[in-house]
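Here the structure comes first, spelled out in structure tokens, and everything after it is commentary.
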Amino acid sequence: MLSLEHVEEQLNIWGWPHNGSWELLVGNTHLQFNPKTLIMTWITMAVVIIFVVAATRGMSLRKPKGAQNIVEMIWEFIRGLVNDNMDPKKGAALLSIVVTYFIFILFSNLIGLVPTLSSPTADYNTNLGLALCTFLLIYIFGIRYKGLRYFKHYITPFVFFLPITIIEDLSKPITLTFRLYGNIYAGEVLLAVLLGLLGGWLHVFGGFVTSVIWLAFSIFVGCIQAFIFTMLSIVYVSQAVSEEH
Amino acid sequence: MEVGAGAALGAALAVGLAALGAGIGDGLVSSAAVSGIARQPEAKGNIMTLMFISVGLIEAMPIIGVVIAFMLFGKVGG
């Protein structure tokens with residue numbers, strides 16, 4: 001039975017620097033970059049752009065063919081979710097970014113299951129970036145549709161609810177980040193652990209069947225987590241713009 | 001006790017309790033979903049969507065427990 005470090009060294013075909021981060025000194029501040037996540041994010045961006053551009057090249061209204069149907073299905077599915085949760089006129093501005101969230105997170109979760117690649121969402125930095133975009137969107141939509149009256153919702157109905165509503169507001173990006181990070185990162189580590197499980201032949205027989213079963217489940221988990229991130233972003237923004245009573 | 005022993009115990013406890021919590025939570029949600037569909041089969045689409053969302057939300061905390069267990073797992077060597 002191999003230990004985790006041993007398995008990861010043997011799987012490291014592309015030669016990522018071990019426990020990698022590049023240090024950079026800009027002025028007086030220390031910056032750290034993780035080259036594996038950066039390069040995998042660029043690869044995912046290239047895959048998403050090539051897929052969507054190739055699918056909608058020469059689009060036809062009456063007879064859509066092939067991949068254009070997939071993009072239309074995704075668009076209509078997310079539009080149905082947005083219209084169920086908020087006023088369709090207010091939701092029209094939100095639709096583009098949540099479709100982008102869905103397609104990007106779906107592709108980046110699935111790209112980590114290809115044997116020698118890893119997901120950009122398996123790093124907490126990527127997920128924190130996406131969750132902070134949602135956090136900003138909540139405020140932008142709230143202030144745009146309600147003006148400065150939006151900040152009154154912190155103190156209605158009683159003033160002493162203020163700590164509770166502040167914590168609720170801060171917990172939204174934190175839970176979004178860690179939910180996605182935990183699901184995808186734990187899936188990848190478990191895949192490596194399962195490969196080292198049954199004896200020393202990592203390439204051929206060691207835990208191969210169990211890791212195939214876990215790969216199949218990870219496809220399902222990747223799709224569900226992309227859907228949940230999108231759905232929760234829509235629900236948070238719809239709570240910020242809703243006119244109640 | 002040594003660091004390695006404490007880390008091994010901590011990792012096992014984290015994963016075990018996380019699995020317990022996830023199992024109970026998902027079981028409650030799924031049983032409510034199944035009885036809702038049994039009462040009104042036309043609502044199947046809505047109920048199943050809600051069930052998937054609830055499972056994703058409930059599983060967030062146990063999965064954070066599993067990530068902590070993986071972090072401790074690396075320190076088992078001492």
Using alpha carbon centers only, region A:32-82 is separated from region B:31-78 by a whole-angstrom value of 27
Count, lysine Cα pairs under 26 Å in the protein assembly as shown, 8 or more residues apart or across chains: 9
Before we go on, tell me the buried accessible area for the B/A pair, both chains summed, 1.4 Å probe, in Å² to the nearest 100. 1300
Using Cα pairs under 8 angstrom and six or more residues apart, how large is the relative contact order of region A:84-236, in percent? 33
When the helix-only estimate is applied to chain A (DSSP H runs of n ≥ 4, each -39,500 (n - 2.57), divided by the residue count), what is the mean residue ellipticity at 222 nm, nearest 500 deg cm²/dmol? -22500 deg cm²/dmol
Net charge dipole size for chain A [Lys, Arg +1 and Asp, Glu -1 on Cβ; Debye, nearest 20]: 980
Output needed: percent of Cα pairs per 20 Å distance bin for the protein assembly as shown, bins running from 0 to the one holding the longest distance. 25, 56, 19, 0
Find the accessible area per residue for region A:47-170; the probe is 1.4 Å, ligands and nucleic acids are left out, and the unit is Å². 60
Full-stretch length increase - A:Phe151, A:Asp169 - with 0.36 nm per residue and alpha-carbon distance subtracted: 5.3 nm
Zone of A:Ser60's modelled label, taken as backbone nitrogen in region A:73-97 under 19 Å from a point 7 Å along Cα→Cβ: A:73
For chain B, calculate the relative contact order in percent as a whole number, restricting contacts to Cα pairs under 8 Å that are 6 or more residues apart. 62
Within region A:1-109, report the chymotrypsin sites (Phe, Trp or Tyr not before Pro) that DSSP leaves as loop and that have at most 12 other Cβ atoms within 10 Å. A:Trp14
In whole Å, what are the Cα extents of region A:24-125 along the three principal axes, biggest one first? 55, 33, 24
Whole-percent carbon and sulfur contribution to the accessible surface of region B:15-78 (1.4 Å, no ligands, DNA or RNA) stands at 72
Could you tell me how many degrees, from 0 to 90 and to the nearest 10, lie between the Cα long axis of helix B:3-39 and the main elongation axis, the longest principal axis, of the Cα atoms of chain B? 0
Quick one: P(r) of chain B from all Cα-Cα pairs, 10 Å bins, percents rounded to integers, in order of increasing distance. 19, 33, 21, 15, 9, 2
Once Lys and Arg are counted +1 and Asp and Glu -1 for all other residues with Cβ under 13 Å from that of B:Gly74, the total becomes -1
To the nearest 0.05, the calculated FRET efficiency linking A:Ser242 and B:Ser35 through their beta-carbon distance, R0 being 25 Å, is 0.25
Please report the net charge: other residues with Cβ closer than 13 Å to the Cβ of A:Gly66, K and R +1, D and E -1. +2
In region B:36-78, what trypsin sites (Lys or Arg not before Pro) fall in a loop by DSSP, with at most 14 other Cβ atoms inside 10 Å? B:Lys75
To the nearest 20 Debye, how big is the dipole of region A:59-142 about its Cα centre, given +1 on the beta carbon of each Lys and Arg and -1 on that of each Asp and Glu? 360
Longest exposed-loop-site-free stretch of chain A, with trypsin sites (Lys or Arg not before Pro), DSSP loop and at most 14 other Cβ within 10 Å? A:66-245
For chain A, the helices passing both cut-offs (Cα extent along own axis of 27 Å or more, Kyte-Doolittle mean at least -1.0, full DSSP H runs) are A:35-55, A:67-85, A:124-146, A:162-195, A:208-241
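The values are calculated or read from the model by the stated rules, or taken from the named source; none is laboratory data. Since we're looking at a predicted model, the values are computed, not measured. Every residue, glycine as well, gets a Cβ built from its backbone with ideal geometry; the counts of neighbours run over all protein chains shown. Accessible surface is based on the protein model in full, side chains and every heavy atom, while ligands, DNA and RNA are left aside. Shrake-Rupley method; radii C 1.70, N 1.55, O 1.52, S 1.80 Å.
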